[in-house]
Amino acid sequence: MATLSARSAHMTVSPIRQVMDLAESLEGVIRLEVGEPDFSTPEPIVHAAQRALDEGWTKYTATAGIGPLRQAIARYESPKVGRELVGSREICVAIGGTNALYLTFLGLLNPGDEVLVPDPGWPQYQNIIRLIGGVPVPYVLDAANEFQVDRDSVVAGLSPRTKAILINSPANPTGSVLGTDDLSFFAQLAQERDLWIVSDEVYDRIIFDGLTHHSIAALSGMAERTV
């Protein structure tokens, strides 16, 4: 009988997906389970997409993304990291965040390499790492302290096999935001132990309570080891 790969046995169904499936069978459910904006796609984006179709932008493009888009992303991201990014060398366009994480860990990990990941955190972090052959090692976001990082658990999770630390700020699903002290803590670990930092900042514009988002890539010595 034809079989699936051994790695597929390590994949788990996201609890969020299970909740979504249950909600489909119920009426009057208020949807709070996915990070999806409740507004329609802005008209300028709709019109730009329509114009691109009319103008024949329907063929294969450069693997890393079209040049003008990469340059525009570089201009947008440069102020956040405190230096001028070069779109042709430092920006790669992916098909969403999941695809970006797959590509990142495919490029960073060898079989058995360990990655520290936040817990609680987005369930797919661990699935992606396992599928590639890596080992996710959870570190604690302390519920009693507004889901801030438990630094002792981070240090306890380090081993000779640690290759990277994944951070997520603002965090999914907790909403916590890493302050500059925590970012400096992660930066120091990465530099002392020669680790990569994979920084998921997809919610950087959805912040409340007067908090401010900071990118770890802006810290001294971190640009070359942050994805």
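The values are calculated or read from the model by the stated rules, or taken from the named source; none is laboratory data. All figures in this text were calculated on a predicted structure; none of them were measured in a lab. All Cβ positions, glycine included, derive from the backbone under ideal geometry; neighbour counts span all protein chains shown.
Determine which single condition W196 fails, assuming it passes every other condition in (1) without any contact (Cβ under 8 Å) to a residue 40 or more places away in the chain; (2) surrounded by 15 or more Cβ atoms within 10 Å (Cβ to Cβ).
The single condition W196 does not satisfy is (1).
Does region 103-126 contain at least one residue that is without any contact (Cβ under 8 Å) to a residue 40 or more places away in the chain, small (G, A, S) and in contact with a Gly (Cβ under 9 Å, 6 or more places away or on another chain)?
Checked region 103-126: no residue is without any contact (Cβ under 8 Å) to a residue 40 or more places away in the chain, small (G, A, S) and in contact with a Gly (Cβ under 9 Å, 6 or more places away or on another chain).
I need a count of the residues in region 199-218 that are under 16 Å from L166 (Cα atoms) and either part of a loop (DSSP other than H, G, I, E, B) or of a type in the set (D, E, K, R) (or both).
Counting residues in region 199-218 that are under 16 Å from L166 (Cα atoms) and either part of a loop (DSSP other than H, G, I, E, B) or of a type in the set (D, E, K, R) (or both) gives 7.
Please verify whether A190 is in a helix (DSSP H, G or I) and in contact (Cβ under 8 Å) with a residue 40 or more places away in the chain, treating the condition exactly as stated.
No: the conditions fail for A190.
Please count how many residues of region 62-74 are in contact with a helix residue (DSSP H, G or I) (Cβ under 9 Å, 6 or more places away or on another chain), free of Cβ contacts under 8 Å to residues at least 12 places away in the same chain and not aliphatic (A, V, I, L, M). Quick ask: steps written out before the conclusion?
Taking region 62-74 and keeping what is in contact with a helix residue (DSSP H, G or I) (Cβ under 9 Å, 6 or more places away or on another chain), we get 62, 64-65, 67-74.
Going one step further and asking which of them are free of Cβ contacts under 8 Å to residues at least 12 places away in the same chain, we end up with 62, 68.
Then keep just the ones that are not aliphatic (A, V, I, L, M); that gives 68.
The total comes to 1.
For every residue, the table says whether it meets (1) surrounded by 16 or more Cβ atoms within 10 Å (Cβ to Cβ); (2) more than 30 Å from P15 (Cβ to Cβ).
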residue	(1), (2)
G67	no, yes
A72	no, yes
V81	yes, yes
L85	yes, yes
A94	no, no
A100	yes, no
G112	no, no
P118	yes, no
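Go through I16, I91, I45, I66 for me and flag whichever is under 18 Å from the mean Cα position of the chain (by Cα) and over 17 Å from E201 (Cβ atoms).
On inspection, the qualifying residue turns out to be I16.
Can you confirm whether L195 is closer than 11 Å to A164 by Cα and modelled with pLDDT of 95 or more?
Answer is yes for this residue.
Hey, can you tell me all the residues within region 116-127 that are among the aliphatic types (A, V, I, L, M) and closer than 12 Å to D200 by Cβ?
V117
Is it the case that region 132-146 has a residue that's more than 21 Å from A223 (Cβ to Cβ), touching a residue at least 40 places away in the same chain (Cβ under 8 Å) and not hydroxyl-bearing (S, T, Y)? Break it down stepwise before answering.
We begin by selecting, within region 132-146, every residue more than 21 Å from A223 (Cβ to Cβ); these are 132-146.
In the following step, the residues that additionally are touching a residue at least 40 places away in the same chain (Cβ under 8 Å) were identified as 133.
Those still in the list that are not hydroxyl-bearing (S, T, Y) too: 133.
The answer is yes; a qualifying residue exists.
One residue is enough: does region 31-47 have a residue meeting the conditions surrounded by 14 or more Cβ atoms within 10 Å (Cβ to Cβ) and either free of Cβ contacts under 8 Å to residues at least 40 places away in the same chain or hydroxyl-bearing (S, T, Y) (or both)?
yes
What are the residues in region 203-227 that are modelled with pLDDT under 95, over 14 Å from L178 (Cβ atoms) and buried (at least 16 other Cβ atoms within 10 Å of the Cβ), if any?
A223
Confirm whether F105 is touching a strand residue (DSSP E or B) at 6+ places or on another chain (Cβ under 8 Å), of a type in the set (A, V, I, L, M, F, W, C) and within 25 Å of T174 (Cα to Cα).
The answer is yes for F105.
Give me the residue from region 27-58 that is charged (D, E, K, R) and within 27 Å of G175 (Cα to Cα) and, out of that set, modelled with the highest pLDDT.
Among residues in region 27-58 that are charged (D, E, K, R) and within 27 Å of G175 (Cα to Cα), the one modelled with the highest pLDDT is D38.
crowded, with 18+ Cβ neighbours inside 10 Å, over 29 Å from Y76 (Cα atoms) and either of a type outside the set (V, I, T) or out of contact with any Asp or Glu (no Cβ under 6 Å at 6 or more places or on another chain) (or both): does that describe V154? Before the answer, list the steps.
On the way: crowded, with 18+ Cβ neighbours inside 10 Å: yes; over 29 Å from Y76 (Cα atoms): yes; either of a type outside the set (V, I, T) or out of contact with any Asp or Glu (no Cβ under 6 Å at 6 or more places or on another chain) (or both): yes.
Against the criterion (crowded, with 18+ Cβ neighbours inside 10 Å, over 29 Å from Y76 (Cα atoms) and either of a type outside the set (V, I, T) or out of contact with any Asp or Glu (no Cβ under 6 Å at 6 or more places or on another chain) (or both)), V154 qualifies.
Are any residues in region 83-131 over 24 Å from L189 (Cβ atoms) and in contact with a Lys or Arg (Cβ under 7 Å, 6 or more places away or on another chain), and if so, which ones?
Those that are over 24 Å from L189 (Cβ atoms) and in contact with a Lys or Arg (Cβ under 7 Å, 6 or more places away or on another chain): G87, S88, I91, V93, L131.
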